[in-house]
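Worksheet: one structure, shown below.
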Amino acid sequence: MKQSNLIYLLLGIFMLIGCEVQHSGKKMPVDYVNPDIGGIGHLLVATDPVVRLPQGNIQLASNPWPEIYDRYLSHKVFSFSLRDVVRYGTTTIPSWIMASVGKIEVDPAKMASDYDHDFETVTPYYSALLLEDYDINVEYTVTNRVSYYRFTFPENPESHILLGSNATFSIIDDNTIAGEEAQGNRIHYFYAKFSKPFKSFGTWKNKEVFPLSKSANGDNAGVLHTTNLPGQPYAQTRWRDNAGAFASYATTKDEQVEVKIGVSGESMEEAQQNLEKEIPEWNFEAIKNNARDKWNESLSLFDVEGGTEEQRTIFYTGIYFSRSGEQLQNRMNLSAEGATERARRYAALSKSDLYPPVSSQGGMFQHSNIVFNTASYLRGFRDFDIEKVYENMKIEFMESTKLPWRKGPATVLDKFYLENGFFPALPLDKDEWVPEVHHPHERRQSVTVTLQAAYESWCIAQIAKDLGKTDDYNYFIKHAYDYQNVFNTATNFMSPKTEDGNWIVPFNPVLSGGQGGRDYFAELNSWLYTWYVSHDIQGLINLMGGRDKFTGKLDSLFVEQYQTSKYHFLGQFPDQTGLIGNYSHGNEFSRQIPYLYNYSGAPWKTQKQVREVMDVWYSAGPLGICGDEDTGLMSHWYICSAMGIYADPMIPNYPVWLIGSPVFKKSTITLSDNKTFVIEAKDVSAQNKYVQSASLNGEPLGKPWFEHSDFVKGGTLVLNMGPRPNKQWGSSPDAIPPSMSKPK
């Protein structure tokens, strides 16, 4: 009896211990992710709280009412995505699924349902919400090419599941619906299996319902009507037509119907095969748990200790917005996979691929392949045809246009640049006469284009030098100094000049340039593009008159005001959000600026400034991202800065990492070959933000940067932190990061 009692006592103790461990156990990385961060845009685009696998092919989300661009503020949901979400400014609605009860409605305005965030679950691997108008609980999870929905219905003789979009629908049998969806020049296929046979079915087109019909041709259905409203730089969108198919049931209380949908960009057969291969059984919980495990594995490539609960939430959500831990490794140039694949694709392009014979829609103001392939090469990724990559770089730079948002052959402006070393601005009293420039919103952006061309010239010169192409190197390295041609030494600002070499006057570095500054700049003003010389910060320091004047001008940037009301300023510069003075953290082409103090002997000011940016402009709520996320670029800055390091992914130059001020006491980064790089911040706290001393792999480090090659070999960076700046650490002239020019 005593032995039996002892056994029961031990069992009870073990159960209590187990419950306590489960209740208070350490949160996994995925538990910190909050996809609703950034769901309200400060001025422009909000984030999408999507369910997907790390680097998965499809994205699921509830689709808010189309005219609500701040997704988190929408009170209604009109559908859920099959493979991609409805995004701000799109002109067509991707395929969707929805559930309802009662009389069947296919008009989105009548079909949409209220919902409440307090009755919603949002994670990277699974989400659920209650359609309040129908008392239907909707859950969804995902594999790589299959979306999986579970609908829990109330008791109702008329319960419906609807699929719609710009698609051709076919009801195959009593639990299968297939569709072919046109998106641009591509056809996407989906193959949907239902867990229970239909009681009835039908289709619709243009809001007219056809009971028992087995097919619907959705040509031009789902198209949004687009109108530009006064004072609204982006299109307002309204539904016009729709088409789709539906399945109906008579449901009992809490009856569940599951739908799994395979997708393919190749064929219907592949869509069906994807479904049968990735989800062969009806087991929603198993698929959900598998997706959770994959996210934990991906996020765990970056492990942090210390910091606050909010900081860890922002950190791991940032990796999710960067798409995955693996994608973040690629963006940090810690993995050869993405870089090598991109370079090989670029090497395979022909001249006609590089630019069409006539101007068409292109990217911003960059030849991005020149930049990113050079960054990969300089960081040691060489498993591609560098001669062919170099050949294509030269063709793009010399023969294609540099005009923003244009892709085509060189224009007269491009030829002027190659001969004179700067892109000419349009005189104030002249109308635009170059036909390729004409665009509803974009202009010449002459200063930004010149700065970018100088940077791209430096990139090409680095490859030319390595390949022994001396004449090419001399040509391009000369153009790498072209940024000096638009630097006005009288004002210490990058400024526009006309083709006769005269500066545009009057010129205001805060407000000149029209909407978004686009007459001379890209989305930002001169106060920000004056620092856009990433390949030669020392050269910029020399132009400004030395380290002290450079530092003083940086100080001024962070306190410079708007010379008008803030709302007028942001009306002119809607991309220039996340303001600290005239510094804008909300745009990707200015986020390197807080780290530039490392070049002028004042790294302690970088440490103070990056902490302020993290504290002010990042939070764990819907307003937690102060600008466009741009596939994780806003979050990338936080992720790296919170660990204490930074290298700009949009304007990568020399293969080095700059040191800032970490918030975590220990960060462990798993590299692609399973080595690790560890950053320890001893005594770090909210007040202890300043680096007192540092060591790399046990050796003293007296400079605020280190080589990328030291990173990828694995090792440990130790930063000893304190509450007051050590103005001697990292401040000597021989401690500056590399630049093209030498100090004067």
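The values are calculated or read from the model by the stated rules, or taken from the named source; none is laboratory data. Treat the numbers as computed from the prediction; the structure is a model and nothing was measured. Quick reminder, even Gly has a Cβ in these numbers, built from the backbone with ideal geometry, and neighbours come from all protein chains shown.
Of S672, S685, which residue is polar (S, T, N, Q), farther than 22 Å from W604 by Cβ and in a loop (DSSP other than H, G, I, E, B)?
Criteria check complete, one pass: S672.
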inquiry  = Looking at segment 688-737 only, could you name the residues that are loosely packed, with under 14 Cβ neighbours inside 10 Å, in contact with a Lys or Arg (Cβ under 9 Å, 6 or more places away or on another chain) and closer than 16 Å to S661 by Cα?
reply    = P723
task = Take segment 81-131 and flag every residue that is among the aromatic types (F, W, Y), more than 24 Å from N283 (Cα to Cα) and at pLDDT below 95.
result = Y88
request  = Considering each residue of segment 663-710, count those that are within 18 Å of E305 (Cβ to Cβ) and hydroxyl-bearing (S, T, Y), and give that number.
outcome  = 5
task = Please determine, by comparing only the residues of segment 184-200 that are in a strand (DSSP E or B) and surrounded by fewer than 18 Cβ atoms within 10 Å (Cβ to Cβ), which one is modelled with the lowest pLDDT.
result = R186
query = Of the residues in segment 171-183, how many are at pLDDT below 95 and of a type outside the set (A, V, I, L, M)?
reply = 4
query = F210 versus (1) at pLDDT 95 or above; (2) surrounded by 22 or more Cβ atoms within 10 Å (Cβ to Cβ): which is the lone unmet condition?
reply = (2)
inquiry  = Just to be sure before I move on: is S248 among the hydroxyl-bearing types (S, T, Y), surrounded by 14 or more Cβ atoms within 10 Å (Cβ to Cβ) and out of contact with any Pro (no Cβ under 7 Å at 6 or more places or on another chain) in the structure I sent?
reply    = yes
query = Which residues, counting only those in segment 337-351, are surrounded by fewer than 20 Cβ atoms within 10 Å (Cβ to Cβ) and among the hydrophobic types (A, V, I, L, M, F, W, C)?
reply = A347, A348, L349
remark   = Contact list, first residue from segment 254-274 and more than 11 Å from F190 (Cβ to Cβ), second anywhere and surrounded by fewer than 18 Cβ atoms within 10 Å (Cβ to Cβ) and of a type in the set (K, R), beta-carbon distance below 7 Å, six or more apart or interchain, is V257/K196
request  = Within segment 616-624, identify whether any single residue is crowded, with 21+ Cβ neighbours inside 10 Å, in contact (Cβ under 8 Å) with a residue 24 or more places away in the chain and farther than 18 Å from R312 by Cα, and answer yes or no.
outcome  = no
ask   = Given the conditions (1) more than 16 Å from Y32 (Cβ to Cβ); (2) touching a residue at least 40 places away in the same chain (Cβ under 8 Å); (3) under 18 Å from the mean Cα position of the chain (by Cα), which single one is not true for A602?
value = (3)
note = Exactly one of L658, L633, L671 is over 16 Å from T317 (Cα atoms) and in contact with a Pro (Cβ under 8 Å, 6 or more places away or on another chain), and that one is L658
Of residues in segment 649-669 being at pLDDT 95 or above and not in a strand (DSSP E or B), the one surrounded by the fewest Cβ atoms within 10 Å (Cβ to Cβ) = K665
ask   = (1) out of contact with any Phe, Trp or Tyr (no Cβ under 9 Å at 6 or more places or on another chain); (2) over 28 Å from H441 (Cβ atoms): which one isn't true of D519, the others all being true?
value = (2)
query = Inside segment 313-338, can you point out the residues that are over 23 Å from R52 (Cβ atoms) and part of a helix (DSSP H, G or I)?
reply = A336
ask   = If E310 passes every condition in (1) surrounded by 20 or more Cβ atoms within 10 Å (Cβ to Cβ); (2) not in a loop (DSSP other than H, G, I, E, B) but one, which one does it miss?
value = (1)
Residue identified as modelled with pLDDT of 85 or more and over 18 Å from D630 (Cα atoms) among L53, L10 = L53
key: Answer from E588, E629 - the residue that is buried (at least 17 other Cβ atoms within 10 Å of the Cβ), under 30 Å from S732 (Cα atoms), at pLDDT below 95 and among the acidic types (D, E)   = E588
Those residues of segment 333-352 which are touching a residue at least 40 places away in the same chain (Cβ under 8 Å) and closer than 19 Å to P652 by Cα, in sequence order = N333, L334, S335, A336, E337, A339, T340, A343, Y346
inquiry  = So for segment 165-179 (the condition being closer than 22 Å to H75 by Cα, surrounded by fewer than 24 Cβ atoms within 10 Å (Cβ to Cβ) and hydrophobic (A, V, I, L, M, F, W, C)), does at least one residue qualify?
reply    = no
Among residues of segment 347-368, those that are at pLDDT 85 or above and either assigned to a loop (DSSP other than H, G, I, E, B) or in contact with a Phe, Trp or Tyr (Cβ under 8 Å, 6 or more places away or on another chain) (or both), counted = 9
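Working carefully through the options F550, F521, find the one that is within 26 Å of Y597 (Cα to Cα), touching a helix residue (DSSP H, G or I) at 6+ places or on another chain (Cβ under 6 Å), assigned by TED's automatic domain parsing to the domain that holds E499 and touching a residue at least 24 places away in the same chain (Cβ under 8 Å).
Just one listed residue meets the conditions, F521.
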query = Any chance segment 606-617 includes a residue that's touching a Leu at 6+ places or on another chain (Cβ under 7 Å) and farther than 22 Å from Y562 by Cα?
reply = no
key: Scope segment 280-325; condition without any contact (Cβ under 8 Å) to a residue 12 or more places away in the chain and among the aliphatic types (A, V, I, L, M); matching residues   = A286
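For segment 536-568, enumerate the residues that are outside any helix (DSSP H, G or I) and in contact with a Ser or Thr (Cβ under 7 Å, 6 or more places away or on another chain). Lay out the reasoning, then the answer.
So the first thing to find is which residues in segment 536-568 are outside any helix (DSSP H, G or I), and the list is 536, 545-546, 558-565.
Across segment 536-568, the qualifying residue is only D536.
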query = Taking segment 252-303 as the region of interest, how many residues are among the aromatic types (F, W, Y), over 30 Å from F677 (Cβ atoms) and not in a loop (DSSP other than H, G, I, E, B)?
reply = 1
